[in-house]
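What follows is a set of notes on a single structure, which appears directly below.
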Amino acid sequence: MRFLFLLFLFVTIGASAQQKFTVNGYVKDAANGEAMIGATVYIQELKVGTATNEYGFYSITVPSGKYVLVFNYLGYTVSTQEIMLDKNIRIDTELKSEATQLQEVQVTDERDRPAAQNPEMSTNKLDISIIKKIPAFLGEVDIIKSIQLLPGVSTVGEGASGFNVRGGNVGQNLILLDEAPVYNSSHMLGFFSVFNPDAVKDVKLYKGAIPARYGGRLASLLDVRMKEGNSKKVEVTGGIGTIFSRLAVEGPLIKNKASFIIAARRSYIDVLARPFVNILKDGGALNFYDLTLKTNYNYNSKNKFYLSGYFGRDNFLFSKNQGFSWGNATGTFRWNHLFNDRLFMNQTILFSKYDYHLQFGNDNRNRFVWNSAINNYIFKPDFSYFINSNSELNFGGEAIYYTFEPANASGITNGTPVDISLDKKYNLETSLYLSHSLRINPVLSVDYGVRFSNFALYGPGKQYTYHDTIPGLRKRVADTLLFTRGQVIQNYNNWQPRFSFKVQLNEATSFKGSYNRMVQYLHLISNTTASNPLDVWTPSTRNIKPELGDQFTVGYFHSLTKGSNEYEFSAETYLRFTQNQIDYIDGADLLINRFLEGDLLSGKGRAYGLELYAQKKTGRFNGWISYTLARTELQVAGINNGNWYPTRYNQTHNLKLVAFYEINKRWSFSSNFVFSSGTPTTFPTSRYVQQGILIPYEAGNARNNVNLPSYHRLDIAFTLQGKEYKHGVKRKNKDYWVFSVYNLYAHKNPFSIYFSQLDSHVLAGQPMVSQAKQLSIIGSFVPAISYNLKF
């Protein structure tokens with residue numbers, strides 16, 4: 001750590017000793033005033049430049065002189081401006097969209113900068129205009145389903161909530177919406193995501209080389225940024241689909257100074273089916289809704305304020321008083337401040353909540369009610385100091401206060417109440433980070449830093465100690481420890497170093513590598529095939545240690561231009577070792593169990609793989625192909641006889657093809673094909689009969705001993721743009737139709753296979769026959785049509 005500090009100090013002092021000046025400002029979209037993330041700002045004469053940050057801000061410090069400043073963003077007209085840099089100056093720029101924008105695929109690591117030149121690795125940006133083109137289930141645009149088409153990202157099948165990245169489980173992904181954590185990213189048990197595409201501006205996925213300013217999860221970071229709202233004019237967008245409709249309104253509050261956006265969605269399958277389904281007539285419900293809103297105010301040239309929020313909920317009610325519901329709520333307040341020409345600050349105050357409610361029973365004498373919630377209160381100051389055009393320093397901190405309510409539960413049987421609630425848990429996670437991006441010379445660039453985190457569990461509360469037992473068996477309670485309010489129950493400290501490098505072999509080719517350590521203090525407790533809304537989140541305690549992960553990545557990147565066509569190719573290989581991975585004894589009781597820790601096991605994991613990615617970025621025909629060869633395993637005492645075994649979400653082969661074709665000015669075609677190896681599962685190896693009932697079981701203590709059949713699916717979509725002119729007059733509004741088919745050739749992909757007795761009644765002396773049954777969530781093709789408009 002002393003070496004890092006001395007290097008930071010040396011670079012800072014060396015840079016300040018040189019006489020240089022700074023040009024900085026914001027880059028925005030000329031059509032709507034939206035900040036442009038990742039726009040390239042380049043000084044032509046010196047061949048140096050930078051990219052705008054998450055708020056569209058840039059800063060370049062170079063020796064005094066006369067220069068041409070170039071602003072560039074894929075799909076927008078290049079803007080140039082001559083400057084005389086003999087003092088610090090501010091230049092804000094707006095870029096205009098090119099007419100050919102719709103013919104360009106924008107799946108890049110940093111827009112308009114070839115992947116071979118970009119210092120980042122293991123990172124993908126997926127532009128919202130491309131997400132809207134990808135064929136989707138029931139024709140509804142879905143961000144989570146779209147990122148599953150990228151290399152290294154997978155899912156265990158239809159109806160599975162969330163996604164898996166490089167061998168991590170669903171709970172090891174940090175999902176941020178305007179920097180607020182989202183604990184459940186799905187509607188309708190995984191069929192749709194919680195993100196309204198009409199309110200989303202930018203989506204970025206980190207699979208490795210995660211910057212030091214982020215922490216808290218082992219596998220990945222999905223950073224979703226919302227639109228700020230059109231600051232030029234009022235704009236309305238919306239759509240009517242097969243299962244839900246959406247509407248978004250945005251516009252200026254004060255032109256070019258303050259704006260807003262409000263976007264809402266609501267499914268209506270229960271409304272349409274109510275006249276025909278008795279359950280829905282009696283108060284049942286099957287729906288989801290969400291509301292996304294944001295406003296911003298540009299106070300002056302040095303201060304800008306943002307306020308955003310998300311509120312969403314799913315309802316599965318069997319009657320007026322029976323069923324379950326769950327939802328997310330987030331709130332974000334941000335203050336951007338420019339201290340001087342080089343020092344930029346973003347200060348964020350956040351709130352995030354995830355809760356679910358379960359209730360059964362139609363009368364007050366017999367019923368069951370269960371409420372659970374996670375609340376986060378977050379303060380996060382971030383600073384960027386632009387030392388010069390080759391050096392940038394980032395530092396800051398984060399404080400997160402958690403309250404866990406695992407179960408506020410009670411039951412009434414024949415009028416007798418029983419309270420089975422679990423104690424709340426209170427935690428504080430604090431972090432400090434420091435990182436430095438340095439371009440040493442035209443060939444070598446490095447990014448290094450460190451994050452330090454502290455996690456504390458506070459009283460009031462109980463903690464149990466357990467007797468040692470044979471691994472794999474339930475542990476018995478040995479003692480109960482009581483803690484008062486504010487008393488520290490357990491405390492953890494962790495250093496998390498980060499390092500990455502890029503070697504520029506030539507203008508079109510580079511070699512990159514990275515290492516990062518990640519620490520996760522929150523744990524998703526789930527032993528189901530796919531996560532569900534009732535899964536349990538629990539913090540690290542005296543008995544549950546933080547999960548640790550060390551990932552090493554190297555990659556080769558190459559860019560190629562032939563005429564007007566641009567191509568990119570990359571190959572990355574990764575190796576990750578993890579500690580304190582959680583698994584479960586056979587027959588574990590995970591729901592409303594005050595002795596849950598006695599059913600948990602801890603072990604180590606390893607994941608390794610190769611990711612190949614080829615993309616054609618421009619032209620009428622474009623798209624990408626990705627292939628991932630991977631292996632993910634755990635070793636836990638008490639499971640699989642102590643030997644390594646594959647995780648439930650391990651997939652050896654994963655192939656994805658995505659294609660777009662502009663047929664003509666109005667018609668376009670898109671398709672995607674997915675093939676993946678079957679995921680592991682546990683099949684019984686023996687059976688026994690109890691009172692005439694056949695019970696299959698696994699006799700050898702094996703875990704995930706076979707693989708399900710391979711998964712493959714083809715989706716297609718046609719898009720018809722509305723006419724630009726009507727009766728010779730240009731239309732003010734724009735609209736388009738989408739016609740799609742999900743699972744075109746109706747393949748029945750297995751979600752799971754289970755075994756049961758063939759005949760419920762067997763005569764004495766007759767053999768008892770068992771059968772395997774395959775469960776397919778979607779067993780046919782699913783056509784859909786949607787209408788979308790903008791005015």
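The values are calculated or read from the model by the stated rules, or taken from the named source; none is laboratory data. Remember, predicted model here, so these are calculated numbers, not experimental data. Using ideal geometry, Cβ is built from the backbone for each residue, glycine included, and neighbour counts are taken over all protein chains shown. The area values use the complete protein model at the heavy-atom level, side chains included, leaving out ligands, DNA and RNA. Shrake-Rupley method; radii C 1.70, N 1.55, O 1.52, S 1.80 Å.
Things worth noting here:
- Sorting the segments 349-362, 124-137 by their residues' average number of neighbouring beta-carbon atoms within 10 angstrom, most packed first, yields 124-137, 349-362.
- DSSP beta bridges fully contained in the stretch 123-224 are about 70 percent antiparallel.
- Rounded to the nearest 20 debye, the dipole size of the chain about its Cα centre is 1060 debye, using +1 on the Cβ of Lys and Arg and -1 on the Cβ of Asp and Glu.
- Each of ILE91, ASN494, GLY411 was scored by the projection of its Cα onto the charge dipole of the chain, and the greatest displacement toward the positive side belongs to ILE91; charges sit on the C-beta of Lys, Arg, Asp and Glu.
- Restricting attention to the chain, close to 95% of DSSP beta bridges with both partner residues there are antiparallel.
- Of LYS145/LYS723; LYS201/LYS656; LYS47/LYS294; LYS47/LYS233, pairs whose Cα-Cα distance is over 27 Å: LYS145/LYS723; LYS47/LYS294; LYS47/LYS233
- The angle separating the long axis of helix 2-16 from the principal Cα axis of greatest extent in the chain is about 20 degrees.
- For the chain, calculated [θ]222 nm from helices alone, where every DSSP H run of n ≥ 4 adds -39500 (n - 2.57): -1000 deg cm²/dmol
- Of the accessible area of the chain, computed with a 1.4 Å probe over protein heavy atoms only, carbon and sulfur atoms account for 59 percent.
- Global geometry of the stretch 195-263, whether rounded, prolate or oblate, following the gyration tensor of its Cα atoms and the 1.5 cut on a/c: oblate
- Size of electric dipole in the stretch 556-656: Cβ of Lys, Arg +1 and of Asp, Glu -1, about Cα centre, debye, nearest 20: 580
- Debye equation applied to the C-alpha atoms of the stretch 666-791, log10 I(q)/I(0) at 0.14, 0.19, 0.22 Å⁻¹: -0.80, -1.06, -1.20
- Distribution of pairwise C-alpha distances over the stretch 123-224, 10 Å bins, in %: 15, 54, 29, 2
- Overall form of the chain per C-alpha gyration tensor (a/c, 1.5; a/b vs b/c): prolate
- Alpha-carbon spread of the stretch 523-633, three principal axes, descending order, Å: 66, 28, 22
- Counting only residues at least eight positions apart within a chain, or on another chain, the lysines with an alpha carbon under 27 Å from that of LYS462 are LYS353, LYS424, LYS425, LYS475, LYS545.
- Length-normalised contact order for the stretch 123-224 - Cα pairs under 8 Å, 6+ apart - percent: 34
- Under the criterion of Cα pairs below 8 Å and six or more residues apart, the relative contact order for the stretch 673-791 equals 25 percent.
- Low-density loop cleavage sites - trypsin sites (Lys or Arg not before Pro) in the stretch 21-89, where at most 15 other Cβ are within 10 Å (DSSP): LYS47, LYS87
- Which of THR681, LEU522, ILE210, positive extreme of dipole for the chain (C-beta unit charges): ILE210
- The relative contact order of the chain comes to 10 percent, based on Cα pairs under 8 Å that sit 6 or more residues apart.
- Centre separation in Å (Cα based) which lies between the stretch 719-757 and the stretch 325-347: 36
- q = 0.11, 0.12, 0.14, 0.22 Å⁻¹, the stretch 557-691: log10 I(q)/I(0) [Debye, one scatterer per Cα]: -0.65, -0.72, -0.83, -1.30
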